[in-house]
Amino acid sequence: MSGALGTLLAGRNDTPLRQLQARIDQFNDLQGDLRVLMVGENRPNDTINYVSPTFGGFTFRHAAVFDGQNTLLDRFTKATSTSLSYTAGRFYVGVALDRDVISLEDDRNDDVRLAGQYNEGNLQLGILYESSVNRANNRGREDGLLISASLTRGRFVYKAQTGTSEQRRPSPDFAGRGLRVESRFQMVHLLHGNTRRQPQPALRSVGCGNGYSFLR
């Protein structure tokens with residue numbers, strides 16, 4: 001449901017904190033994406049999401065997460081995700097907060113995420129920082145950092161991404177590079193990466209994907 005005051009969504013949706021990353025994660029849904037490193041990549045059930053109109057480059061998002069909550073007041077106030085982003089020309093920046101949101105491991109986390117992206121012609125640079133407190137342990141605040149870049153040359157898009165995090169156990173480090181080739185109706189993705197989780201040996205991964213679009 002949308003109107004002059006914004007958009008309201010209900011059901012299973014990405015949290016505002018997850019959406020803040022925009023296209024900074026170059027390897028989405030492949031080994032080495034944000035989910036390998038950080039706990040804020042959540043898409044909970046039973047949510048109500050509000051997205052404001054964009055004013056002066058600013059966009060506000062807020063979600064109430066109903067999963068596991070009992071009373072009506074808890075449903076709207078206990079587990080929440082909020083973000084504020086700003087876009088101006090080549091620059092994109094944003095901040096997001098999760099409060100008591102259930103992660104993929106069924107832990108409850110309080111997260112802070114900062115994101116920034118710069119676009120100059122065919123070059124895109126991105127950086128994302130996340131700090132998280134897991135309510136189920138006493139490890140305190142745990143940090144994660146992701147840096148990415150992509151360069152478009154004709155039909156080819158060259159990608160590189162690296163990141164490190166304390167949030168997953170054992171704590172992972174990732175370095176990868178990828179290539180996307182596009183034609184009018186088809187996209188082919190290739191990825192090669194290394195994930196290290198001390199003291200385990202490094203995991204070398206190769207991924208590929210093939211997509212079609214008839215709407216271009």
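The values are calculated or read from the model by the stated rules, or taken from the named source; none is laboratory data. Since the model is a prediction, treat every value here as computed from it, not as a measurement. Neighbour counts run over all protein chains shown; Cβ positions are idealised from the backbone, glycine included.
Just a few scattered comments:
- Of everything in the stretch 147-168 that is surrounded by 14 or more Cβ atoms within 10 Å (Cβ to Cβ) and among the hydrophobic types (A, V, I, L, M, F, W, C), the residue that is farthest from Arg113 (Cα to Cα) is Val157.
- Residues that are crowded, with 17+ Cβ neighbours inside 10 Å and within 17 Å of Thr82 (Cβ to Cβ), drawn from the stretch 113-127: Arg113, Ala115
- Out of Gly144, Gly178, one residue alone is at pLDDT below 70, crowded, with 17+ Cβ neighbours inside 10 Å and not polar (S, T, N, Q). It is Gly178.
- Looking at Asp110, Asp100, Asp14, just one residue is acidic (Asp, Glu), modelled with pLDDT of 85 or more and surrounded by fewer than 17 Cβ atoms within 10 Å (Cβ to Cβ), and that residue is Asp110.
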